[in-house]
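Each reported figure results from applying straightforward, stated rules to the coordinates on display, with no laboratory input. Since this is a predicted model, take the numbers as computed values, not measurements. Cβ atoms come from the backbone with ideal geometry, glycine included; neighbour counts cover every protein chain shown.
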Amino acid sequence: MSVNYHAYQSKGVPFTNYEVVCAQWREEFTGYNPERIVRILHLRRDEEHLYLTYLGEAYRLRLSDGVLEKKREEAWTDELYFNESMSVYHLLHYTKDVPTISGKWVPSHTIDGVVSRNPAVKDPLLTPFEEKYAGRTEEFKKACLAAGGVAIQAGDAAYEFEVFPQVHLQLILWDQDEDFPAQVQVLVDQCVTDFVHYETLGCMIADLLERL
């Protein structure tokens, strides 16, 4: 089963609905010492929290009990969804001591451990997105810019997004023509698993596409 399928199944599901998983990750980060990850990722911390951004939004880890919080307007809330929670926890857990950003972009489904996309099977995340923007390249461009994307040269339209400062996604659209339907491809850095688990990719892709 592809990681996109699992991320699709978890879209819009509160993290606390997964009681066992939620408890495991909160327990792992209870009393967390952030010194290593602060040094590697250049994160900000204080006595009670570790701060980071995910898709341009502010999050923090409560060091006393491992609970993640997200800033909404002027207040912090621990009511997070599954995909965003796993993306943040995975970054903190899986980042290597000396991670590499290779600068070489590869399709997300080619990362080791990821099940290759089968053309005969509709991708639950990408297929609806392709259908949404088929024949609507200009709307795709506007949506990407509004979500913080930076235009790059690829396909009929393409944008790069900062998920975390060290982890970016590139989203490429080839619009439909008389012979082929619209196609979307997601690229990641070849060494993305120096920062996150390969299963994290589905969570990040789902959250990005939801913003578009």
Exercise. Sorted by packing (mean other beta-carbon atoms within 10 Å per residue), highest first, where do 131-141, 35-45 land?
Worked result: 131-141, 35-45
Problem set entry | Summed residue charge, Cβ within 12 Å of Pro34's Cβ, Lys/Arg positive, Asp/Glu negative | +2
For this session: Which order do the peptides 50-62, 13-25 take when ranked by the mean count of other beta-carbon atoms within 10 Å per residue, highest first?
Result: 50-62, 13-25
Problem set entry | Prolate/oblate/rounded label for the stretch 105-210 (Cα gyration tensor, a/c 1.5) | oblate
Exercise. In the stretch 105-210, with Lys and Arg counted as +1 and Asp and Glu as -1 at Cβ, which of these residues, Ala134, Gln183, Pro165, has the Cα nearest the positive end of the dipole, that is, farthest along it?
Worked result: Pro165
Seminar exercise, completed: Packing-ranked peptide list from 155-161, 27-33, highest mean Cβ count within 10 angstrom first, is 155-161, 27-33
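Strictly over 29 Å apart at the Cα level, which of Lys96/Lys132; Lys104/Lys142; Lys96/Lys142; Lys104/Lys141 would you flag in this model?
Working: Lys96/Lys132 37 Å; Lys104/Lys142 26 Å; Lys96/Lys142 36 Å; Lys104/Lys141 24 Å.
In this structure, Lys96/Lys132; Lys96/Lys142 exceed 29 Å between Cα atoms.
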Seminar exercise, completed: Reduced to Cα centres, the span from the stretch 34-107 to the stretch 124-159 in Å works out to 26 Å
For this session: Go through Asn33, Tyr89, Leu209 and say which Cα lies farthest out towards the positive end of the charge dipole of the chain; charges sit on Cβ, +1 for Lys and Arg, -1 for Asp and Glu.
Result: Asn33
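Give me the net charge for the shell around Asp207: Cβ to Cβ below 9 angstrom, other residues only, Lys and Arg +1, Asp and Glu -1.
Surrounding charge for Asp207 is 0.
How long are the semi-axes of the ellipsoid equivalent to the chain, from square roots of 5 times the Cα gyration tensor eigenvalues, in whole Å, largest first?
31, 17, 17
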